[in-house]
1. Quick one: in region 288-347, of everything that is part of a strand (DSSP E or B), charged (D, E, K, R) and in contact (Cβ under 8 Å) with a residue 24 or more places away in the chain, which residue is farthest from GLN170 (Cα to Cα)?
2. Scan (1) under 19 Å from the mean Cα position of the chain (by Cα); (2) touching a residue at least 24 places away in the same chain (Cβ under 8 Å); (3) surrounded by 13 or more Cβ atoms within 10 Å (Cβ to Cβ) for the single condition VAL276 breaks and write down its number.
3. Residue pairs, Cβ under 7 Å, 6 or more apart or interchain, first in region 50-69 and closer than 9 Å to VAL341 by Cβ, second assigned to a loop (DSSP other than H, G, I, E, B) and of a type outside the set (S, T, N, Q). List them.
4. Being open to solvent by less than 20 Å² (accessible area, probe 1.4 Å), aliphatic (A, V, I, L, M) and either touching a residue at least 60 places away in the same chain (Cβ under 8 Å) or out of contact with any Gly (no Cβ under 8 Å at 6 or more places or on another chain) (or both): is that true of ALA217 here?
5. For the structure I just gave you, tell me whether ALA20 is farther than 28 Å from PHE319 by Cα and surrounded by 12 or more Cβ atoms within 10 Å (Cβ to Cβ).
6. Would you point out which residue out of ARG240, ARG211 is touching a helix residue (DSSP H, G or I) at 6+ places or on another chain (Cβ under 6 Å), at pLDDT 95 or above and assigned to a helix (DSSP H, G or I)?
7. Taking the conditions exactly as written (closer than 23 Å to GLN170 by Cβ and either in contact with a Leu (Cβ under 6 Å, 6 or more places away or on another chain) or not charged (D, E, K, R) (or both)), does LEU238 satisfy them or not?
8. Return only the number of the condition from (1) small (Gly, Ala, Ser); (2) exposed (fewer than 15 other Cβ atoms within 10 Å of the Cβ); (3) closer than 30 Å to ALA182 by Cα that GLY344 does not satisfy.
Amino acid sequence: MNNLANTYPVGTAILNREAAATSDPAVFMVGTGPFKMVSYAPERELVFEANKDYWEPDRPKVDNLIIRYIPEQQAQLAALQAGEVDIMFPVPETALVLENDANVTLAEVVSANVVRLNVNSAHPPLDNVDVRRAISLAIDRQELVDAALLGKGAPSSHIPEAYAWSIAPQDQAYGIRDVAAARQLLADAGFPDGFELELMHLANYGTYLDRMIEVFAAQLNAIGITTTIVPLPLASWLDRLLTANFEITDNEFSFQADPFQYLRIRRERQGPAPTVIDDLEAAALAAGPDELVSILTELSKTQADLVYPDIPLMARVAFTAYRNNVDGVNQDFTNSYRFLVDVGKNG
């Protein structure tokens with residue numbers, strides 16, 4: 001139900017049984033949305049036309065919508081600046097270029113996409129809570145935002161700031177960098193001289209993750225933890241993640257319609273949950289609306305205190321760049337493209 005309510009594309013759908021049996025859902029859409037599929041050329045373009053039978057009057061605003069697949073950001077940028085495309089979704093580096101383009105409007109919003117570190121608490125010495133706390137204390141989230149996201153983001157706790165029930169990192173346990181306290185915790189845990197740690201890195205996903213893992217490694221080095229970064233392509237990274245064959249890895253959670261999903265334990269990725277977390281998770285699943293906020297607040301604080309199952313770092317800004325003759329662009333923190341139903345052209 002969470003996936004069905006999610007505005008972010010999560011690969012979940014209810015299909016008409018007859019339509020699914022008579023066509024290929026992988027290449028032909030069946031639905032009731034504002035646009036109807038016309039054609040699909042894999043890795044090239046997806047063409048839509050307005051659904052004249054759409055239930056809501058005067059939507060969508062355009063008769064045709066073409067999604068072009070352009071893998072390289074520089075090629076996307078060139079197409080936008082030449083007027084060959086009307087809208088693109090730039091990364092921070094490209095957004096900085098477009099800030100000075102008089103023909104383009106650049107909109108930004110702090111998204112609900114949270115970059116975090118999965119910590120495998122089944123792997124010694126990460127099974128020691130003081131070691132995990134020391135790692136959390138080593139982190140300067142604002143430095144990560146500045147270096148990895150070029151300042152285009154915000155430090156984040158488990159539930160991002162876009163939600164009213166988010167808790168700021170500085171109000172969570174071990175959320176503010178303290179090198180001296182981190183070193184003391186390592187000494188108390190039996191590692192006064194630090195130890196070696198492998199950082200599994202999701203490579204070629206985003207340049208911001210490439211920058212982030214390097215800065216994080218330097219922050220750990222400041223408390224005596226020596227790191228080895230192991231970059232992996234998505235398939236290899238995912239295989240090791242889902243079999244808990246790692247120590248620490250970078251990851252990113254996209255928008256979740258239910259804030260509990262930011263806190264839910266992915267149990268196959270780390271050691272067993274502390275009893276208090278199991279109890280709070282069970283309470284959240286059974287709670288009514290009036291109880292849920294307080295339970296999720298307590299669950300978030302407890303996860304921060306025990307540094308389990310992961311360490312949230314930062315929420316990145318989502319950018320939308322569009323030609324000045326385009327109106328109706330109103331991207332929200334979900335980072336979905338549902339606003340396209342209201343986009344039109346004024347010239």
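1. LYS345
2. (1)
3. Qualifying pairs under 7 Å: TYR54/PRO34; ARG59/PRO34; PRO60/PRO34; LYS61/GLY328; LYS61/VAL343.
4. yes
5. On the way: farther than 28 Å from PHE319 by Cα: yes; surrounded by 12 or more Cβ atoms within 10 Å (Cβ to Cβ): yes.
Answer is yes for this residue.
6. Every option except ARG211 fails the conditions.
7. No.
8. Status for GLY344: all satisfied but (3).
The values are calculated or read from the model by the stated rules, or taken from the named source; none is laboratory data. In this text, all values refer to a predicted model and were calculated from it rather than measured experimentally. Note that we place each Cβ from the backbone using ideal geometry, even for glycine, and neighbour counts take in every protein chain shown. Side chains included, ligands, DNA and RNA excluded: accessible areas come from the protein's heavy atoms. Shrake-Rupley method; radii C 1.70, N 1.55, O 1.52, S 1.80 Å.
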